[in-house]
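J.: Sharing a structure, written as structure tokens. Questions coming.
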Amino acid sequence: MADDPAKDTGPVAPTGPGKTPASGQEAAPGKPAPPSGAAPVATPPARPAPKPAAGPPPPAVPTGPPDPPPPEGQSPPAFLAALASALPGSVTQLSYYVGDWTVIVPAAKILDIARYLRDAPEAAFDLCSDVTVTDWPPRPERFDVIYVLYSVRQRHRVRLKTKVALDQPVPSVTSIWPAANWLEREVFDMFGVMFTGHPDLRRILMPEDWQGHPQRKDYPLEGPGELLMENPIDWLKLRQSRDEADIE
Amino acid sequence: MTETRAGAVTPAVHHGAMFDTNELVLNMGPQHPSTHGVLRVVLRLDGEKVVDADVVIGYLHRGIEKLSENRNWTQIILLTDRMDYVAAATNNVGYCETVEKLLSIEVPRRARYVRTILCELQRIASHCLWLGTHAMDIGAMTVFLYAFRERELILDLFEEFCGARLTYNSMRIGGLPLDIPSGWDRKVLEFCRIMDSKILEYEELLTHNRIWLERTKGIGVIDGPEAVAIGLSGPALRGSGVPRDVRKDEPYAAYDELEFDVPIGAVGDTYDRYLVRMEEFRQSLRLIRQATEGLPEGPIVGKVPRLIKPPAGETYHAIESPKGELGYFIVSDGKSTNPYRFRVRPPSFCNLQGLPRLVRGHLVADVVALIGSLDIVLGEVDR
Amino acid sequence: MIDLFIIPLLKIAIVLNATLVGVTYMVLLERKVIAWAQSRLGPMRVGPHGILQPVADALKLMIKEDITPVRVDRWVFTAAPIISMVPALIVYAVIPFGPEVTLFGRQVTLYITDINVGLLYVVSVASVGVYGIILAGYASNSKYPLLASLRASAQLISYEVAVTLTLVSVILVAGTLSMVGIVRAQEEAGVWFAFIQPLAFGIFFIGGLAETNRAPFDLPEAEQELTGGFHTEYSGMRFALFFLAEYANVIVVSSVATTLFLGGWLRPFPSVDALAFLDIVPSWTWFLLKSFVFLYVFVWIRATLPRYRYDQLMRLGWKVLIPLAIVNLVVTGFIRLMVL
Amino acid sequence: MGEAIAFYTIAAFVLGFAVMVVSTKDTVHSVLFLVLDFLAVAALYVLLGAEFLAAIQVLVYAGGIVVLYLFVVMLVNLKGFPEENRDPHRRTKLGLGLAAAVVVELGAILAYDYARPVPQLADAAIPVVGNTEEVGWLLYTSYLIPFEIASMLLLVAMIGAIVLAKREL
């Protein structure tokens, strides 16, 4: 049922550089990306996008998760207080939602915080479960880099979150949690977030010669990506003629 | 690696082939009988000894994460089937529970029990497949067919429950699509009875088999802290003696109401990982028996809104899939009917990451044993 | 004239054809026995209970496209399957299927020839068979076959030592190298050599498994590791030759083991007169029956055991079997010296 | 008559294969011709009634030693860069020298033959049973010392090989 809107808004093309409708909000910051970004946000020539899934951009583009502060009476676990006092300025914000604690931290301090969280006995986060990214294109610091940590000894979880801009590199935590190696590679592959100090930052899931980072929100969902990115009107015409050919 | 297999052994390369200062590069996969799918491992060999390994994945990448951002919440259940396709029901459960967490829905007790039964059946099915292929990789082909014989019984049970044998799509957000068929619980118990003796049969063929011991003992030894550090989870981690099991540590479904033990290994070699999984067969049967016998009556679906549209927020929820910690990180923007971000923490992916560490210094034959002992499913690694 | 040419030629033709048919049915036997072990049915479609399956297999392999990869060493690539097949077949020249029998009023021996170095002939011909595998691996110009051929040659050379040493013990006991002579010696001794030389028998059997690349020593063609090993690049009839050679070798090892250790064509307990009624059964039947038992055990082992690893295999060969074989030989020699 | 035909045919094969061994470009082919050569020599032995020797020839040379040659040839790159040498005719000269040596040897043998008639090889003292026994008898009586020296040499070579191969031991 959610696919129904897909049919009328169809291609992502209208959100391309040519127009700036209300929904183009999402793509608008996406387009300036290639010139400034380290990795060009262009799909490879003559290679189809991963899936021809025609999905619409959300009706109104959100600028980030709410990150609600902990409710009254919900005191953060001890290690978070200890973290804030041990490394001043390391906790930008604390958030609590459906039972999960999230700490928003500055990207520059991520290594110190990671080391502290791993080594402090009351924290003891020895397992880096996951490293992932959420892309919020309208925001200047568009990527939320999220580290899902777990302590095997203490049996508790926390999420670290840091916000980075498009071409802002993040220090790699592979030296602290070797488990982050492939996870960071995947993030690099899918979002183009650079990790400094990563031993082997290559693409992992996409082919080596792939262009662009497919899980960014402004990555086209269908069609010959280059044409779509460069000249959406032509792409629309092509698509229309193809559809007509199908009907006949 | 740009070297192709055909061009690999020109006489000029021969020279490098076997002399200890030079190494032979062997491209194992993506088409290889024992890489369990389209995994490619580029081995640098000194003789038959593995000097280093590079794991190349992505041949089965279907973009499920991206795809899910453009499907509505219910449609995604079907996509999760395609990740770990030998344990589809577990994926369904993990996803549905994550969304339920976002929606703060209470799932009825009966549904949680049935989920537990399905998850554990699925664990047995997955372990059967693991046992069969692992034993096959080491050359014991009979175990493979025995294990598949029993897996067949589980698939029959699933077929009766949801009509499908591999990709079940057997969960709904808030509960189950339908109640269990009448008499199904009896058949499950009957299966448990059969399985009890079959496990003995497998163990008879392998556990004390001299060759099996020689092939698995001391292969790919990894101690607990290091296993945690390189991100192993599930039986691969428990084989190293770390008692980490999401079912115990962060109970979901009905695991907090049921009794079971978490087997752990002592040394952290391939044999320990094997023993852990063999014991998990028994623990799963124990769980299934308890859940089936104590199956509560009641509704099977909780209070789910007609249009599923979780409030804006994000959450991470992990369950214990047969391979390890299967986590879902889902972000909802509260406005659309699609998730804003859908991220899977695939256990196979994270376990496979440890392969180069495990194979270093072992022989080519051990590489296949180790791939088997990590129990990966490429559908999940590549997503 | 008849004795010199026609009868030997007839015998050769019969033995060769019987061997080839036997080999194809050995494949069927293996498939069936393994299927039963694995609670399956095995081939069922071609003929009743799949009895014509070998015919279908042979037909398929013969009409299949025979691919020669581009960068192989053509001559060697073509010669390799032949080199592995021929030794497996010519060994039958000295295998005694039975003693002399009277057929159409003519004394006919149930073996092609009986040379006085028969056993040595078997060993030396078998040692040439290894070239097929080495050359296949080399000529394929591909890495998996290369690794496999290295494994194969190391394996065959090591196990040949152990097997040959056990044969020497048998020779010491029998006092002859002739295959027929060895069976006669067992007849005279009134006991199968398997009971006199149990250790040699065991070592010979294990070594035989290893020399024929059978499970659990099937490393050169370890499908799960080396994707088929030395015959990775082969297809069609050339592949079939390797395949047949393996089974022909299995039959050779079974026949040789039967001859050396299980009294060849002799009935069970040849010295017990109470069992003399068993002599009604033709002698060659005993031979075939005993060989069949070996074949069955070969298949049974394949269905049961995992595969050894290369270094473990070499360790078993050099550190266990060869020392045991030497000890066995020395003890045998010593006893022999005492007795004489 | 038939024996003579067989002898000359086989001898032609022996020589032909020997020529192929030295003239083939591909080293592996060369080794293969060596195997064929050994097999042909074994055939000669059979013709002479020395079955034991023939079997041993096949077992040891064709089946054992040449396999090792093949190993070495397959593993070592023989298509490397041409050797640098100032004298391009170095090998030709060496070959001529060796050929001359062989001719001199043959001449010496012929001369020796003329000078002294061949002694009867089969000593009446040896209890002749079959040629296997005969070989064994000779080997452990008349030729005991060369035999033992040869086995000593092999032992030394083996230990040396193990020491070389197992450096890290």
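The values are calculated or read from the model by the stated rules, or taken from the named source; none is laboratory data. Keep in mind that what you see is a predicted model, and the values were worked out from it rather than measured. Ideal geometry is used to build each Cβ from the backbone, glycine not excepted, and the neighbour counts take in all protein chains shown.
J.: Go through region A:136-247 and tell me which helices (runs of 4 or more DSSP H), entirely inside it, have 1 or more residues that are of a type in the set (D, E, K, R) and at pLDDT 85 or above.
T.: The qualifying helices (runs of 4 or more DSSP H) are A:180-191.
J.: Out of region B:146-162, which residues are aromatic (Phe, Trp, Tyr) and buried (at least 19 other Cβ atoms within 10 Å of the Cβ)?
T.: Residues satisfying the conditions are B:Tyr146, B:Phe158, B:Phe161.
J.: Ok, one more. Would it be correct to say that A:Arg139 is more than 10 Å from chain B (Cβ to nearest Cβ) and charged (D, E, K, R)?
T.: In short, yes.
J.: Step by step: first the residues of region B:319-344, then only those that are among the β-branched types (Val, Ile, Thr) and under 14 Å from B:Asn91 (Cβ atoms), then the one that is farthest from the chain's Cα centre (by Cα). Which residue is that?
T.: B:Ile330
For every residue, the table says whether it meets (1) basic (Lys, Arg); (2) part of a helix (DSSP H, G or I); (3) more than 20 Å from C:Leu199 (Cα to Cα); (4) within 19 Å of the chain's Cα centre (by Cα).
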residue: C:Ala257; (1), (2), (3), (4): no, yes, no, yes
residue: C:Leu266; (1), (2), (3), (4): no, no, yes, no
residue: C:Leu278; (1), (2), (3), (4): no, yes, yes, no
residue: C:Trp286; (1), (2), (3), (4): no, yes, yes, yes
residue: C:Lys290; (1), (2), (3), (4): yes, yes, no, yes
residue: C:Phe294; (1), (2), (3), (4): no, yes, no, yes
residue: C:Trp300; (1), (2), (3), (4): no, yes, yes, yes
residue: C:Val331; (1), (2), (3), (4): no, yes, no, no
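J.: Among (1) hydroxyl-bearing (Ser, Thr, Tyr); (2) within 16 Å of C:Ser124 (Cβ to Cβ); (3) away from every other protein chain (no Cβ under 13 Å), there is one condition D:Tyr45 misses while meeting the rest; what is its number?
T.: (3)
J.: Follow-up. Assess whether B:Pro235 counts as being within 20 Å of A:Asp126 (Cβ to Cβ) and crowded, with 21+ Cβ neighbours inside 10 Å.
T.: It is true that B:Pro235 is within 20 Å of A:Asp126 (Cβ to Cβ) and crowded, with 21+ Cβ neighbours inside 10 Å.
J.: Please tell me if A:Asp100 is within 13 Å of chain B (Cβ to nearest Cβ), modelled with pLDDT under 85 and under 23 Å from B:Lys248 (Cα atoms).
T.: Yes.
J.: Give C:Tyr159, C:Tyr138, C:Tyr111 a once-over and let me know the one that is facing another protein chain (nearest Cβ under 8 Å) and either crowded, with 24+ Cβ neighbours inside 10 Å or modelled with pLDDT under 80 (or both).
T.: C:Tyr138
For (1) touching a residue at least 60 places away in the same chain (Cβ under 8 Å); (2) out of contact with any strand residue (DSSP E or B) (no Cβ under 9 Å at 6 or more places or on another chain), each residue gets a yes or a no:
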{"site": "C:Gln53", "(1), (2)": "no, yes"}
{"site": "C:Met62", "(1), (2)": "yes, yes"}
{"site": "C:Val70", "(1), (2)": "no, yes"}
{"site": "C:Asp73", "(1), (2)": "yes, yes"}
{"site": "C:Ser84", "(1), (2)": "yes, yes"}
{"site": "C:Ala88", "(1), (2)": "yes, yes"}
{"site": "C:Tyr92", "(1), (2)": "yes, yes"}
{"site": "C:Pro96", "(1), (2)": "yes, no"}
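J.: Right, another one. Kindly indicate whether C:Arg307 is within 26 Å of C:Ser169 (Cβ to Cβ) and in contact with an Asp or Glu (Cβ under 7 Å, 6 or more places away or on another chain).
T.: Spelling it out, it is not the case that C:Arg307 is within 26 Å of C:Ser169 (Cβ to Cβ) and in contact with an Asp or Glu (Cβ under 7 Å, 6 or more places away or on another chain).
J.: So A:Leu127 fits all but one of (1) closer than 20 Å to B:Asp333 by Cα; (2) touching a strand residue (DSSP E or B) at 6+ places or on another chain (Cβ under 7 Å); (3) crowded, with 23+ Cβ neighbours inside 10 Å; what number is the exception?
T.: Condition not satisfied by A:Leu127: (1).
J.: Oh, and also: What about B:Val86, is it within 11 Å of another protein chain (Cβ to nearest Cβ), of a type in the set (Val, Ile, Thr) and either in contact with a Lys or Arg (Cβ under 9 Å, 6 or more places away or on another chain) or not in a strand (DSSP E or B) (or both)?
T.: No: the conditions fail for B:Val86.
J.: Can you find even one residue in region A:94-113 that is part of a strand (DSSP E or B), of a type outside the set (A, V, I, L, M) and over 26 Å from A:Arg216 (Cβ atoms)?
T.: Yes, region A:94-113 has at least one match.
J.: With respect to B:Gly63, is the statement that it is over 25 Å from B:Arg151 (Cα atoms), over 20 Å from the mean Cα position of the chain (by Cα), surrounded by fewer than 24 Cβ atoms within 10 Å (Cβ to Cβ) and small (Gly, Ala, Ser) true?
T.: In short, no.
J.: In addition: What residue, among those in region B:33-57 that are in a loop (DSSP other than H, G, I, E, B) and either touching a Lys or Arg at 6+ places or on another chain (Cβ under 7 Å) or at pLDDT 80 or above (or both), is farthest from B:Phe349 (Cα to Cα)?
T.: Looking at residues that are in a loop (DSSP other than H, G, I, E, B) and either touching a Lys or Arg at 6+ places or on another chain (Cβ under 7 Å) or at pLDDT 80 or above (or both), I get B:Val38.
J.: For region C:313-340, enumerate the residues that are at pLDDT below 85, buried (at least 19 other Cβ atoms within 10 Å of the Cβ) and not hydrophobic (A, V, I, L, M, F, W, C).
T.: Selection gives C:Gly317 alone.
J.: Can you tell me which residue among B:Thr142, B:Thr167 is in a helix (DSSP H, G or I), among the polar types (S, T, N, Q) and within 21 Å of B:His36 (Cβ to Cβ)?
T.: Result of the check over B:Thr142, B:Thr167: B:Thr142.
J.: Restricting attention to region B:18-31, report how many residues are modelled with pLDDT of 80 or more and surrounded by fewer than 22 Cβ atoms within 10 Å (Cβ to Cβ).
T.: Matching residues across region B:18-31 total 3.
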